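Notes to accompany the following structure.
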Amino acid sequence: MQFFGGSEISPSPPVPTATGNNAHMMYIFNRNGVCLLYREWNRPLHTLNPQQDHKLMFGLLFSLKSLTAKMDPTNAEKGNLGIPQLPGQGCSFHSFRTNTYKLSFMETPSGIKFILITNPRTGDLRETLKYIYNLYVEYVAKNALYTPGTLIKCELFNTALDQYVRSIA
Amino acid sequence: MSAIYSLYIINKSGGLIFYKDYGSKGRMDTNDSLRVASLWHSMHAISQQLSPTTGCTGIELLEADTFDLHCFQSLTGTKFFVVCEPGTQNMEALLKVVYELYTDYVLKNPFYEMEMPIRCELFDINLTQAIQKDRVVLLGR
């Protein structure tokens, strides 16, 4: 568990679950499927070990993107299922909701995927994800000591992220 | 004006048993619709695994740039999903109406084999009426 430095070395404790308003967890993947960040604030149920969980999450998103590009009713010309879509090519989904959680998704042109899992009553989080992307740019991309494609270990980013997520309704 | 693009019904094993297209560009051929249905079935199942809390029953709404997908799963595992314009209201109610039509005209049909593709004329007729009525009501508002 030491390899995923998200929740273990965090200076700020997980937010109490009583409010129920805060986010459950957050993932950041790069275009190759490497999990750059996994933050967990409120997750009572763990079905799989972390590596499998990340792979499953990435796989689900990859397939869902492929599915939405194929199912797009406004685009007459479509590729076949299974062909990897470039970021921005074809219709992409931005969120899905189940009875227990809502997953919001955003992919940047460079292929960095931001996933935020919240309670199902949350509204549209596209602006929130854009703000988090800006935090990523400021604290991670502009960090001279950060190697792209590796795990994010920037304390300032973690703190800023926790603070911001606590503030979203 | 809100529009429904297509309706799918998949059986509990993920096989497509009914597909109706109401006017999307790029109509899918049979093979593609079968693939899409099975893919949706798997995604629905995987999404339950990733839930942070217990009791997840799968994706109910998928929001994309150009369409929304509403899904209703019955207690037996049969899934009804509809692809519509973003922001269309009352799709859950429509799916429940389709479920009722399914139980009345398909399941109660003695010649219908379970899990097989639906070929019941009365179901088609009543379904078209239900979708039309939905359109008329929306236009009237």
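Values in this text are rule-based calculations from the coordinates and carry no lab data. Note that this is a predicted model, so its numbers are computed, not measured. As a convention, Cβ positions derive from the backbone with ideal geometry for all residues, glycine included, and neighbour counts pool all protein chains shown.
Results, tabulated for the structure shown:
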| quantity | calculated |
| --- | --- |
| Cα gyration tensor category, rounded, prolate or oblate, for the range B:1-96 with a/c compared to 1.5 | oblate |
| Tensor-based shape of the range B:42-136 (alpha-carbon gyration tensor, a/c under 1.5 rounded, otherwise prolate or oblate) | oblate |
| Filter on A:K113/B:K12; A:K102/B:K12; A:K70/B:K108 - keep pairs with C-alpha separation over 26 Å | A:K113/B:K12; A:K70/B:K108 |
| Charged-residue dipole, Cβ positions (Lys, Arg, Asp, Glu), the range B:1-116 about Cα centre, Debye nearest 20 | 200 debye |
| Contour excess over end-to-end distance, with Cα ends at A:A141 and A:T159 and 0.36 nm allotted per residue | 4.9 nm |
| Shielding by partners, peptide A:63-70 (average Cβ within 10 angstrom, other chains) | 5 |
| Exposed-site-free run, longest, chain B (rule: GluC sites (Glu not before Pro); DSSP loop; at most 14 other C-beta within 10 Å) | B:1-112 |
| Cα centre as origin, Lys/Arg/Asp/Glu Cβ charges: the protein assembly as shown dipole, Debye | 260 debye |
| Prolate/oblate/rounded label for the protein assembly as shown (Cα gyration tensor, a/c 1.5) | prolate |
| Loop-resident sites, the range B:39-140, for trypsin sites (Lys or Arg not before Pro), counting at most 11 other Cβ within 10 Å (DSSP) | B:K108 |
| Residue-averaged 222 nm ellipticity for chain B, from DSSP H runs of 4+ at -39500 (n - 2.57), nearest 500 | -12500 deg cm²/dmol |
